[in-house]
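Everything on this sheet refers to the single structure shown next.
Values quoted throughout were computed directly from the atomic coordinates according to the rules given, and no laboratory measurement underlies them. Please read these numbers as outputs of a predicted model, since none were measured by experiment. Counting neighbours? That spans all protein chains shown, and the Cβs are built from the backbone with ideal geometry, glycine included.
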Ligand code: ATP
């Protein structure tokens, strides 16, 4: 079993100095044997540092990392039975593909040469790079180099894979192909994998579960759909989902949440959680904003809007709207079917249904509903 556990793991750079940085702050999470966990978050949130601590390339300031139940804090990177794949591929330029893939096995195992050869060829076939075995990295495209880097990790048959934005140097089309291929290979091999990305589409499509980090602090660990439908807080709600969730400030007035334009009922359990707090952010996903091309009679959650910009994204359109009574106000987004035609300047009615709203406590950012 190669489950990977982070137990209250903290990393402080320049500890005690005036430039001290808490890059990873008391992170606890478990990655199950064979699981594909995606670590996601904005630039500088501590993803790479977390991965580098697991790999042994960075020391742990506090806490414990365990692989298969065994603490590995003090184990050198070469002895951790973990293979890491970098964004930059990090292939040895003077070696052929075959040599790049064989090197680790020759160095760290006593596998006989003919077995190494067979293992390398088998892995090369799995990665579709058999024809490239005698080439040098400089004679390969970026996509081919990345396959070799992955092949080099796979051939070692490690207890865990760590991948740091491995697809970010590839063009969009190749990235999409490699995403599915990587998932297929990981599934086939069943190797515990931690995959770092700042791309939430990658996180949503690849992970069994995703772990969302912000400013070194773990915000939520859950399946992509859990993080999407029941975000733990406003940060996760805004980070997961493309386009982002729309947020509107409201104030509690008795049993309702209101602002100059809205009144939404406040669910009873939320009233209790809120206590005497008054400020609540109301969130709605762009695809939950309903849309009528013409105004008939307006219900309490229907709003007259003006179309600012229409952004076609294949089967759907992201429609940037402004409330008609606030022509200079901020826009919000509705995602509607691409079959529907609306244009900049059109007046439309947008409905924000009460059952679709998310609520966040402004004091903590925590989700209330
Ligand atoms: P990105 O997506 O941009 O790669 P990240 O989420 O991987 O970002 P890290 O590289 O882990 O973020 O960095 C986390 C924080 O730690 C940042 O504030 C960064 O500046 C800081 N940091 C990282 N490495 C060092 C270092 N060696 N010395 C000092 N500070 C560091």
**Item:** Residue within the stretch 56-64 that is within 12 Å of the ligand (Cβ to nearest atom) and closer than 23 Å to residue 109 by Cβ present
**Value:** yes
**Request:** Please find, within the stretch 193-206, the residue that is surrounded by the fewest Cβ atoms within 10 Å (Cβ to Cβ) out of those that are more than 18 Å from residue 82 (Cβ to Cβ) and within 16 Å of the ligand (Cβ to nearest atom).
**Result:** 201
**Request:** Look through 287, 272 and report the one residue that is under 23 Å from the mean Cα position of the chain (by Cα), surrounded by fewer than 17 Cβ atoms within 10 Å (Cβ to Cβ) and more than 30 Å from residue 23 (Cα to Cα).
**Result:** 287
**Prompt:** When residues of the stretch 32-44 are filtered for being over 15 Å from the mean Cα position of the chain (by Cα) and either within 19 Å of residue 198 (Cα to Cα) or surrounded by fewer than 16 Cβ atoms within 10 Å (Cβ to Cβ) (or both), how many remain?
**Reply:** 2
**Request:** Name, by its number, the condition in (1) in a strand (DSSP E or B); (2) farther than 18 Å from residue 259 by Cα that does not hold for residue 364.
**Result:** (1)
**Message:** Contact list please: Cβ distance under 7 Å, first residue in the stretch 34-53 and under 13 Å from residue 223 (Cα atoms) and touching a residue at least 24 places away in the same chain (Cβ under 8 Å), second residue within 7 Å of the ligand (Cβ to nearest atom) and assigned to a loop (DSSP other than H, G, I, E, B), pairs at least six apart or on different chains.
**Reply:** 40/198
**Message:** Kindly evaluate residue 115 against the criterion of being over 19 Å from residue 193 (Cβ atoms), in a helix (DSSP H, G or I), away from the ligand (no atom under 16 Å from the Cβ) and touching a helix residue (DSSP H, G or I) at 6+ places or on another chain (Cβ under 7 Å).
**Reply:** no
**Request:** Report whether or not residue 153 is over 25 Å from residue 27 (Cβ atoms), more than 16 Å from the ligand (Cβ to nearest atom), in a helix (DSSP H, G or I) and more than 13 Å from the chain's Cα centre (by Cα).
**Result:** no
**Prompt:** If you check residue 37 against the conditions, is it in contact with a strand residue (DSSP E or B) (Cβ under 6 Å, 6 or more places away or on another chain), in a helix (DSSP H, G or I) and under 20 Å from residue 163 (Cβ atoms)?
**Reply:** no
**Complete:** The one condition residue 56 fails out of (1) in contact with a strand residue (DSSP E or B) (Cβ under 7 Å, 6 or more places away or on another chain); (2) surrounded by 14 or more Cβ atoms within 10 Å (Cβ to Cβ); (3) farther than 21 Å from residue 207 by Cα is (1)
**Request:** Would you check which residues across the stretch 313-336 are more than 15 Å from residue 261 (Cβ to Cβ) and surrounded by fewer than 10 Cβ atoms within 10 Å (Cβ to Cβ) and list them?
**Result:** 314, 315
**Item:** Residue that is farthest from the ligand (Cβ to nearest atom) [pool: residues in the stretch 18-33 that are free of Cβ contacts under 8 Å to residues at least 60 places away in the same chain, assigned to a loop (DSSP other than H, G, I, E, B) and touching a strand residue (DSSP E or B) at 6+ places or on another chain (Cβ under 9 Å)]
**Value:** 20
**Members of the stretch 156-197 that are under 15 Å from the mean Cα position of the chain (by Cα) and under 24 Å from residue 57 (Cβ atoms)** = 162, 163, 164, 165, 166, 167, 168, 193, 194, 195, 196, 197
**Request:** Report yes if residue 15 is in a loop (DSSP other than H, G, I, E, B), within 16 Å of the ligand (Cβ to nearest atom) and in contact with a strand residue (DSSP E or B) (Cβ under 7 Å, 6 or more places away or on another chain), otherwise no.
**Result:** no
